[in-house]
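Asker: Mind looking over this structure? Questions follow.
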Amino acid sequence: MEGIDFQFRNAATLCVSAKAAADNSFISLRGTIESGGVPVGTGRVDAQDAFEICGIPPGQYVLMVQSMNEAQFSTGQQDRCLLAN
């Protein structure tokens, strides 16, 4: 591309890590509505499986965990978190 000068800046990022408490859990980390609601990371884990999501810029996020029990009913838990340097 001609006439465009890109400048990149290094920025501090953070990681979130935890273990699931139930089998067949779906994990979702996304920005809050105030910060645009952008998904940062998602995935499925089983009980005692550790997960880690890295490269997250400082900001406000919602971490949601939903698990399906044997009867296939969804139970969910949602927490807000503030990630700062």
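Throughout, read-outs are computed from the coordinates displayed, never taken from laboratory work. Please read all numbers here as calculations on a predicted model, not as lab measurements. Methodologically, a virtual Cβ is constructed for each residue, glycine included, from the backbone with ideal geometry; neighbour enumeration extends over all protein chains shown.
Asker: Taking R0 as 35 Å, what's the FRET efficiency between residue 47 and residue 14 from their Cβ-Cβ distance, rounded to 0.05?
Answerer: That pair, residue 47 with residue 14, gives E of 0.85.
Asker: Now for a separate question. So for 63, 14, fewest C-beta neighbours within 10 Å to most, what's the order?
Answerer: The fewest-first ordering by Cβ neighbours comes to 14, 63.
Asker: Quick query: amide H of residue 23 versus all other amide H atoms, modeled in the peptide plane; which residues come in under 5 Å with a sequence gap of 5 or more or a different chain?
Answerer: Result for residue 23 returns 47.
Asker: To make sure I understand, if each residue's beta carbon is the centre and we count other beta carbons within 10 Å, what order do 2, 34 fall in, fewest to most?
Answerer: The most exposed by this proxy come first: 2, 34.
Asker: Using Cβ contacts closer than 10 Å as the measure, can you line up 28, 17, 67 from fewest to most?
Answerer: Ranked by crowding around the Cβ, least crowded first: 17, 28, 67.
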